[in-house]
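Before anything else, here's the structure in question.
The values are calculated or read from the model by the stated rules, or taken from the named source; none is laboratory data. This structure is a prediction, so every number in the text was calculated from the model and none was measured. In this analysis, Cβ positions are derived from the backbone assuming ideal geometry, glycine residues included, and neighbour counts consider all displayed protein chains. We work out accessible area using only protein heavy atoms, side chains counted, and drop any ligands, DNA or RNA first. Shrake-Rupley method; radii C 1.70, N 1.55, O 1.52, S 1.80 Å.
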Amino acid sequence: MVLHKGPLDTYEAYHFGRPAPDRFREDFVKSRLSWPELYAFEVDRAKDAPVFRQIYLQLRSAILSGALRPGTKLPSTRQLAAQLGVSRSAVVSAFEQLLAEGYASGKKGAGTYIASDLPEPFAALHGRKKRPVSAAKAAASSRELGGFVDVTTQSDERPFNLGRTLVDARTAELWRKLSARSLRSFGRHHLGYADPHGMLELRKSVCDYLQAARAVRCEPEQIVITAGTQQALDIVIRVMQGPDKVWIEDPGYSLTRLALVAAGAKVCPIPVDQHGVNVTEGIRRAPKARAVFITPSHQFPKGVALSMVRRLELLAWARESGAWIVEDDYASEFRYGGRPLASLQGLDEAERVIYVGTLNKALFPGLRMGYAVVPPSLVRAFVTARYLMDRQPSSLCQAVVAAFMEEGHFAAHIRRMREMYRSQRDALVAALRRRLGDHLTVDPPDQGMHLVAYMRRGLSDVAVERAGREHGVIVGAMSRLYVEAPAQSALMLGFSGYPRQIIAPAIARLAQALER
């Protein structure tokens, strides 16, 4: 590919033999990036990364750095494909991903433009030279972090959005009765601030449950009640402090990565294969990392379990290097092929694992309650950070959950929900195979609350995600969750929050969207 850089008049003579068309001159004036520099993007066919992703990443980098300014018109897909010597479909897929993620917008009959509403932090956090900033500026920058996270997606009730649960009539009735009882016996302990650890009765119940169901080695004194996994991870990050390197899974849970980036940590993405995160590769890339954030029992999003060999390898590395392992054991209750896998924490003899779990998925997200099992050496710092954040968990909610667990309702609820979710999983797999078997490959997961359907024939998961949304169906493009590893095109579909009777009609709408 010819690499050509220079002023606009040189470019005009080189590419057109005459003055450039007005639309090119206008675009050149608007952008800080000259068209020769845009067309000089490199596509390396020897790389494992798909061609469309290489183009997408280079365009995204130019947008984030401010080289391509808001409102700039991009060349047509045909023009860019011809200049780069690639198929037009690769450029179309790259543009589709930019459109789906909000970096660009399309104007019917007028082309594709860089989005005009991108927040300032995009340029500030990507590519600008770092300079000391005042406390006021730092606070303003922190307030603008909302521009990086779409906080509306979680509330979408359409199938098959992730993170949704169901409760049956029995659980709903029990919850009403226990809540009413807690209010009737309104105690004096609700009239003052309580232990930031959490209510002792609840911590004892959580401890008993984790020892029996997850083989966690703990005492009630090690348990801290949180608002859920996200708050527990935030406390871990605060306790660690400093911009040390940390491992994350690639692909992995985006909110963990964003929380680490926001805190100034140096994120080191480690690839995930069929055996889980590649520990050997992690040690090679960052042998002195401060911590690793991992989902070993059911990797998010791929659903694989960390093999025993790698579990032992990871624990040995943490013991020898002094690193912390943050085990996110989300959705561990819902295993459909035998007993749940034992926790990584249960194998830890050196007390290097911080175990994080949630009741928001076991019960319902509106509860806003989870827990962390903290090594004794970190308990004081962890509780102090919890106290400084929001003082304590809700004593009323804790009282209801404690009664729900102490009286045996929690275990019974999990058994019933496990059967319900298994039925919904099977219905979803059957509908996908029947309507979309020519386009997708799907196997029923043996754990969790979502499944992954891998695209065939080079289909773009981002394009299907966007088309599905237009037809009232929410599916997640897994390729978005990759950082450096070669992305796989696949759809993530949650099944836990959707009754069987709505699954087949929703898949029929998704099939219409995909076939379009």
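Any chance you could run the full-extension gain for T384 through E470? It's 0.36 nm times the residue separation minus the Cα-Cα distance, nm to one decimal.
Working: separation 86, 0.36 × 86 = 30.96 nm, distance 4.65 nm.
Answer, rounded to one decimal: 26.3 nm.
Please name which of Q447, G437, S394 has its Cα lying farthest along the dipole of the stretch 388-516 towards the positive end, using unit charges on Cβ (Lys, Arg +1; Asp, Glu -1) and the Cα centre as origin.
Projecting each Cα onto the dipole axis, the largest value belongs to G437.
Give the accessible area for H189 in Å² (nearest 10); use a 1.4 Å probe, count only protein heavy atoms, and leave out ligands, DNA and RNA.
110
Further, regarding this structure: Enumerate the calculated ³J(HN,Hα) couplings along the stretch 342-349 in order (Karplus 6.51 cos²θ - 1.76 cosθ + 1.60, θ = phi - 60°), each rounded to whole Hz, writing x wherever the residue is Gly or Pro.
5, 6, 5, 4, x, 8, 7, 8
Note down the nm distance, to one decimal, between modelled labels 7 Å out along Cα→Cβ at A350 and at A215.
Going from the A350 label point to the A215 one covers 2.0 nm.
In nm, to one decimal, how far is the modelled label at A110 from the one at A504, with both set 7 Å along Cα→Cβ?
That separation, rounded to one decimal, is 4.6 nm.
In whole percent, and with a 1.4 Å probe on the protein chains, what portion of the accessible area of the stretch 262-390 is carbon and sulfur?
Details: 2680 of 4940 Å².
About 54 percent, which is the carbon plus sulfur part of the accessible surface.
Against the 2.2 N^0.38 Å scaling, with N counting residues, where does the stretch 171-300 land? I'd like the Cα-based Rg ratio to two decimal places.
1.37
On alpha-carbon atoms, Rg over Rh for the stretch 267-332 using Kirkwood Rh?
Over the Cα atoms of the stretch 267-332, Rg/Rh equals 0.93.
For the stretch 352-457, with only Lys/Arg (+1) and Asp/Glu (-1) charged at the beta-carbon, what is the dipole magnitude about the Cα centre, in debye rounded to 20? It would help to have the intermediate numbers written out before the result.
Numbers: 16 positive and 8 negative charges, 69 e Å.
Charge dipole, the stretch 352-457, about its Cα centre: 340 debye, nearest 20.
What's the carbon and sulfur percent of the stretch 169-215's accessible surface, probe 1.4 angstrom, rounded to a whole number?
Numbers: 1680 of 2940 Å².
Of all accessible area on the stretch 169-215, carbon and sulfur atoms account for 57 percent.
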